[in-house]
Structure formats: C-alpha cells, structure tokens
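Worksheet: one structure, shown below.
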C-alpha cells in the first residue's frame, strides 16, 4: 500500500506497519493499544506487501550462520558470510538512516566547506 498516496497524513517518514487481526483475542489486544489507525481491505493491504502471502527466500548462508553463531566471533562470521562485510553494512545502514533525516547532506556540505 502506498501510504503517501492513500493517506498522506500518515506519511511521517517514520514508517507504517501493517497489522492483521485474525481473531477476537487479537482484536481485543489491538483495541487496547493507543494508536492512530486506518482500516483497509485485505486486497488493498497486500498490494504492496506481497510477502504476507509469499515467503522471502532464505539466504544461502543462513544455515551456516546459525550453526557457527556462538562458536566464532560474530563480526568475523558476518564478514565471512555476508554479501557486504560488517563495516560496509554498518556504513550503509548509518548513511541510510542519516539520509532519512537529512543529516547526511548537512554533514557532506560542512565537510566540503572544510576542505576548501
């Protein structure tokens, strides 16, 4: 679901979760939580959430990772099995997070001025 198109007031760039209520008990729990919500049809909800019905493919290295977890240092394990080594994964995650809050652009702009 493209929340920014359907409900622009919900689009706060912090993320929106899909919650599916499948029983009376889960309905009670859901209704006991303070939240801002929007009810939609199942068809509309899964339109951009295909993995509700279709499972993700498991990474090739998953079984090896869990077999070795606790038997060797976690960073070494990630570096050996991940597509991107841990420092690169961390840098990408930090850059992505900063980009979302526009801080990265401010830092780059400041760094450019410092080098001139």
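The values are calculated or read from the model by the stated rules, or taken from the named source; none is laboratory data. What you see is a predicted model; the values in this text were computed from it and never measured. A quick note on method: Cβ atoms are made from the backbone with ideal geometry, for glycine too, and the neighbour counts reach across all protein chains shown.
What to note about this one:
Residues checked against (1) over 19 Å from the mean Cα position of the chain (by Cα); (2) part of a helix (DSSP H, G or I); (3) modelled with pLDDT of 80 or more:
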{"residue": "38", "(1), (2), (3)": "yes, no, yes"}
{"residue": "54", "(1), (2), (3)": "no, no, yes"}
{"residue": "66", "(1), (2), (3)": "yes, yes, yes"}
{"residue": "83", "(1), (2), (3)": "no, no, no"}
{"residue": "88", "(1), (2), (3)": "no, yes, no"}
{"residue": "94", "(1), (2), (3)": "no, yes, yes"}
{"residue": "99", "(1), (2), (3)": "no, yes, no"}
{"residue": "106", "(1), (2), (3)": "yes, yes, no"}
{"residue": "109", "(1), (2), (3)": "yes, yes, no"}
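- Criterion (surrounded by 10 or more Cβ atoms within 10 Å (Cβ to Cβ), in contact with a helix residue (DSSP H, G or I) (Cβ under 7 Å, 6 or more places away or on another chain) and closer than 30 Å to residue 108 by Cα) met by exactly one of 16, 52: 16
- Odd one out for residue 9 among (1) in a loop (DSSP other than H, G, I, E, B); (2) surrounded by fewer than 10 Cβ atoms within 10 Å (Cβ to Cβ): (1)
- Total residues in the stretch 42-52, condition under 18 Å from the mean Cα position of the chain (by Cα), within 11 Å of residue 18 (Cα to Cα) and outside any loop (DSSP other than H, G, I, E, B): 3
- In the stretch 20-34, the qualifying residues are those that are out of contact with any helix residue (DSSP H, G or I) (no Cβ under 6 Å at 6 or more places or on another chain) and surrounded by 10 or more Cβ atoms within 10 Å (Cβ to Cβ), and the one that is modelled with the lowest pLDDT is 20.
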